[in-house]
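The structure under discussion appears below in the form of structure tokens.
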Amino acid sequence: MTRFGELCAIEPGLAELRASVREFLRNDREEFGWQPSVDSWLRGWDGAFSARLGDAGLLGLTIPERYGGRGLGHLHRYVVTEELLAHGAPVAAHLAADRQLAPGLLTFGSEEQRQRLLPGIARGRLYSAIGMSEPGAGSDLAAAQTKATRTGGGWILRGTKVWTSGAHLAHWMVVLARSSPLDTERRHAGFSQLLVPRVAAGVSISPIALISGEHHFNEVTFDDVFVPDADVLGEVGNGWHQVTAELSFERSGPERILSTMPLIDAAVRGLASSGGPDGRTTGEIGELVARLISLRQLSISVAHELADGDDAANRAALVKDLGTTFEQDSVDLIADLTGELDEDPAIRDLLDTAWLHKPLFTLRGGTNEVLRGVVARGMGLR
């Protein structure tokens, strides 16, 4: 297998897995009737679908068998996620737990935490939310003000998180909190991660609705929430290192380049069936696909690094920056190219959703402006 072949993810085992995912999606959609959606990893919350996916052995691929998973590698999970997103499947319920909480538990969690939480993730029945951003600290996580104060047998959590996707439905939230006083010389020190049940006393959740009325985001307030020592994730004071490792998974995956793939696919099919694209359209679609292929190979290269246990923070930031910019550009281009296909309700619905979600692409997971600073520092330019 050449290096280029590896970046195409076409090894025999991966090809067989990809075929099985496509068969599952074809049969599941036919039976249950879900429709492909733009940004399905944010808006497509369907717990029953996640459970069926878990029952089919298509979740928890990187989780060891002793915890209920498949014991496979990051590339196996990449292939499954890629197919789910490309088909616009409703994956929002399980995604954060499978993408971030599971690797966090495997790397930093206690054995008791792994045994308690990983089987539910692998079965598609445990949902998690990520409590990072705050009203006064979005992409600048080092400015987070949520505090965890030592008390007998655990911690008292006080503070507010915002833009917390799925918090109103998640079973657990992974909360970044300052567990020791701020050191102005070392702003990133003194953070810890806490596992907090959504139903814990003192947790209140307020919806943040999109202009369409859709509800994905939330503001979460922690008012003297008690968190036992058993629910501290990793080491006290090691939160910044742990969050940075998690963000590499969040920023580099196929969800950073495939949010609009169902729209692109529907538009290309619609243009082909309407008499075929002209030369200009063919060229612009070709350029879009070429960008997608390049970004996919960059994303897969980061998956290889993560599989090898390497630090991929800078390259993950690059994937997120370039990938989400591509997603926004794809909405503009498809809107331009499909102006005469307004009568196609499937394309119109996908495009309407894409326009609504387009501003979110470059914001979530860290704004692109901040991530460019991360890349610059990694290159020694800042």
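The values are calculated or read from the model by the stated rules, or taken from the named source; none is laboratory data. Note that the coordinates shown come from a computational prediction; the quantities given were computed from them, not determined experimentally. Cβ coordinates were reconstructed from backbone atoms using ideal geometry, including for glycine residues, and neighbour counts include every protein chain displayed.
For this structure, a couple of remarks:
- Qualifying residue in the stretch 111-120 (condition: within 16 Å of GLY253 (Cβ to Cβ) and of a type outside the set (Lys, Arg)): no
- For beta carbons closer than 7 Å, sequence separation of 6+ or different chains, a first residue in the stretch 53-78 that is closer than 24 Å to SER248 by Cβ and without any contact (Cβ under 8 Å) to a residue 24 or more places away in the chain and a second that is of a type in the set (S, T, N, Q) and part of a loop (DSSP other than H, G, I, E, B), the qualifying pairs are LEU72/THR62; ARG77/THR62.
- Flag for GLN328 being in contact with a Cys (Cβ under 8 Å, 6 or more places away or on another chain) and farther than 30 Å from GLN193 by Cα: no
- Restricting attention to the stretch 44-74, the residues that are assigned to a helix (DSSP H, G or I), of a type outside the set (Asp, Glu) and modelled with pLDDT of 95 or more total 10.
- Going through (1) at pLDDT 95 or above; (2) touching a helix residue (DSSP H, G or I) at 6+ places or on another chain (Cβ under 8 Å); (3) surrounded by fewer than 23 Cβ atoms within 10 Å (Cβ to Cβ) one by one, GLU111 falls short only on (2).
- Failed criterion for ASP321 (all others in (1) surrounded by fewer than 20 Cβ atoms within 10 Å (Cβ to Cβ); (2) modelled with pLDDT of 85 or more hold): (1)
- Checking each residue in the stretch 323-348 for being among the charged types (D, E, K, R), assigned to a helix (DSSP H, G or I) and free of Cβ contacts under 8 Å to residues at least 60 places away in the same chain picks out ASP329, ASP332, ASP336, ARG348.
- Restricting the stretch 140-154 to residues that are buried (at least 18 other Cβ atoms within 10 Å of the Cβ) and within 24 Å of the chain's Cα centre (by Cα), the residue that is modelled with the lowest pLDDT: LEU141
- Out of GLY104, GLY153, sole residue that is assigned by TED's automatic domain parsing to the domain that holds ARG186 and touching a residue at least 40 places away in the same chain (Cβ under 8 Å): GLY153
- Single residue of the stretch 114-133 satisfying the filter (in a helix (DSSP H, G or I) and hydrophobic (A, V, I, L, M, F, W, C)) that is surrounded by the most Cβ atoms within 10 Å (Cβ to Cβ): ILE121
- Sole exception among (1) surrounded by fewer than 22 Cβ atoms within 10 Å (Cβ to Cβ); (2) in the same structural domain as GLU65 (by TED's automatic domain parsing); (3) free of Cβ contacts under 8 Å to residues at least 40 places away in the same chain for ASP98, by number: (1)
- Scanning the stretch 39-72 for residues that are farther than 23 Å from ARG114 by Cα and touching a Gly at 6+ places or on another chain (Cβ under 7 Å) yields SER40, TRP45.
- Strands (runs of 3 or more DSSP E) enclosed by the stretch 155-271 - at least 2 residues per element that are in contact with a strand residue (DSSP E or B) (Cβ under 7 Å, 6 or more places away or on another chain) and surrounded by fewer than 17 Cβ atoms within 10 Å (Cβ to Cβ): 203-209, 215-228
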